[in-house]
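Presented below is the structure to which this report refers.
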Amino acid sequence: MGKRAIIIGAGIGGLASAIALRKVGYSVQVFERTAEVRGIGSGLSLWSNAMWALYVLGVSDEVLRLGSVVDITRSQTADGEVLSDVHVGTIARKLGVPTVCIHRADLHQILLRAAGPEHIQTSVPCVGFTQDSHGVTALLENGIHARADLLIAADGIHSVIRRQLIGPEEPRYSGYTCYRSVVSFVHRSMPPGVALTALGHGVEFGLFPCGMGRVYWFATHNQPAAQPDSPLGRKGDCLAAFAGFSEPFIQVLHATPESAILRHDVYDRTPLSHWGEGRVTLLGDASHPMTPNLGQGACMAIEDAVVLAHCLRSEPDVAVALRSYEAARRERTALMTTRSLYAGKILTLEDGVLSWLRDRLMQSKLGESQAESVLEKLLAYQVPQL
Ligand SMILES: Cc1cc2nc3c(=O)[nH]c(=O)nc-3n(C[C@H](O)[C@H](O)[C@H](O)COP(=O)(O)OP(=O)(O)OC[C@H]3O[C@@H](n4cnc5c(N)ncnc54)[C@H](O)[C@@H]3O)c2cc1C
């Protein structure tokens, strides 16, 4: 009988793992806590490194068809002065793989179809696991126990499997909350392929075309954790926080219905020096949740999935294969977590003098070329073929 894997969580990491493991001959069972497998109503940047991994998984053409290729990320001040243009398209042409922004719901549908919906059971929260020398058992809330050769916990930042393996620890609050939405929007100051970000004092606003005439926008605002929306509502709160921002930022807020605006406080966790035990491992946000400032959290989950499948194909002993996957992912995911955290601190500076200095550095030729060369190094990583 072939080897069997249990995957906890049908987010991007869980679905990508299901596709990758099936490619290397595993049969998979995915258990998802919610009633439906779907991406929430916002966008996602899939940088060249993730698009390569999606190519290895056989779904990059569909992603390209539904998303928008990003050629330039332009940073500007709140009143519209351009600070820098990072030529993502030039990097992509060197690497031979584009960077794409897509609606999360579209990516979820693509991954779900490729993973095979028949392998996924919804409304089945996992509460823990037990393991012995012959296999691992997932303990499910419905009282049923599922048995397999290995268990991959892709159950997100609040992973129950992580808590069982590592113990309780609070995630780290970034200092800002994030509003997001996707809306049909066309504006003369958004040429095709250009993603815009505007920086203020303790606020940042990004606009990314995400396919089919839609724009994904995100807006961060420094504040303590767990603040309720004000009586103005999310749209009113954003209009107040970003008052004075140039076109098209205010226009996109006006074009977005209140009910379509999501809001999440942003957290990450300190990188782990090890994770996993025996036949159990963590993947995606369960192991390395990061702030979204580099737009790489989901990209890392997709890379994880391919590297994990590669290790399982190369090494017959499941526990040895899982440890070699963890070793292969530790440094890269820790680097992304740390860089994202620092990028966030710089992008959300409140102090007027420090943010002026940041803006001048970004505007300099040196700043622009450094940003491009750092980005190229991060995007040049290519997972192995399966
Ligand atoms: C504001 C913001 C913007 C971002 N932008 C980007 C971006 O542009 N690009 C990018 O690459 N990343 C981005 N990210 C990060 C990205 O969203 C995450 O890294 C990614 O969603 C992680 O995927 P995952 O599958 O590991 O976890 P999740 O998406 O959290 O999925 C976990 C799944 O497990 C399920 N689950 C949880 N507990 C259980 C349980 N006990 N039993 C069964 N199922 C369970 C959940 O319901 C969920 O379906 C952003 C994050 C934020 C907050």
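The values are calculated or read from the model by the stated rules, or taken from the named source; none is laboratory data. Keep in mind that this is a model prediction, so the values were computed, not measured. Note: ideal-geometry Cβ built from the backbone for every residue, glycine included; neighbour counts use all protein chains shown. Note: accessible area is taken over every heavy atom of the protein model, side chains too, but ligands, DNA and RNA are not part of it. Shrake-Rupley method; radii C 1.70, N 1.55, O 1.52, S 1.80 Å.
Charge dipole (Cα centre; +1 on Lys/Arg Cβ, -1 on Asp/Glu Cβ; no other charges) of the chain amounts to roughly 620 debye.
Coordinate range of the alpha-carbon atoms in the chain per principal axis, descending: 63, 48, 37 Å. Between Gln109 and Leu357, the simple label model (points 7 Å from Cα in the Cβ direction) yields a spacing of 4.8 nm.
Take every Cα pair under 8 Å whose residues are at least 6 apart in sequence, average their separation, divide by the length of the stretch 180-264, and the relative contact order is 33 percent. Highest mobility in the GNM of the chain, judged by mean-square fluctuation with C-alpha springs under 10 Å and restricted to Arg339, Arg360, Arg22, is found for Arg360. Near the amide H of Ser42, within less than 5 Å, lie the amide hydrogens of Arg104, Ala105, all on another chain or at least 5 residues away, with H placed in the peptide plane. Along the stretch 313-326 the Karplus relation, 6.51 cos²θ - 1.76 cosθ + 1.60 evaluated at θ = phi - 60°, assigns HN-Hα couplings of 6, 7, 10, x, 7, 4, 5, 5, 5, 5, 5, 6, 4, 4 Hz to successive residues, with x for each Gly and Pro. Using a probe of 1.4 Å on the protein chains alone, the accessible area found for His264 is around 80 Å². For the stretch 185-230, the square roots of the Cα gyration tensor eigenvalues, ordered a ≥ b ≥ c, give a/c of at least 1.5 with a/b greater than b/c, which places it in the prolate category. At q = 0.10, 0.15, 0.19, 0.26 Å⁻¹ the log10 of I(q)/I(0) for the stretch 195-274 amounts to -0.28, -0.59, -0.89, -1.48, computed by Debye summation with a single uniform scatterer per C-alpha, solvent ignored. Couplings for the stretch 109-114, taken from phi via the Karplus curve 6.51 cos²θ - 1.76 cosθ + 1.60 with θ = phi - 60°, read 4, 4, 5, 4, 4, 6 Hz in order; Gly and Pro are left as x. Shown is the FRET efficiency for Asp265 and Leu239, computed with R0 = 25 Å from the Cβ-Cβ distance and rounded to the nearest 0.05: 0.80. To check you understand DSSP bridge types, tell me what percent of the beta bridges within the chain (both residues inside) are antiparallel, rounded to 5. Beta bridges within the chain, antiparallel portion: roughly 70 percent.
Once the C-beta distance of Ser230 and Thr34 is scaled by a Förster radius of 30 Å, the resulting FRET efficiency is 0.55 to the nearest 0.05.
Between amide H atoms placed 1.01 Å from N, distances below 5 Å from Phe129 occur with Leu139, all of them 5 or more places distant or on a separate chain. Hey, any idea what % of the chain's accessible area is carbon plus sulfur with a 1.4 Å probe? Carbon and sulfur together cover 56 percent of it.
Around Gly58, under 15 Å between beta carbons, what's the net of Lys plus Arg minus Asp minus Glu among the other residues? Result for the local shell: +2. For the chain, adding -39500 (n - 2.57) for each run of n ≥ 4 DSSP H residues and dividing by the number of residues yields -11500 deg cm²/dmol at 222 nm. In this structure the chain gives 41 Å² per residue of accessible area when probed at 1.4 Å with all protein chains present.
Computed over neighbours whose Cβ is under 12 Å from that of Leu196, the net charge equals -2, Lys and Arg +1, Asp and Glu -1. Principal axis extents of the C-alpha atoms in the stretch 300-367 (largest first, rounded to whole Å): 57, 23, 15.
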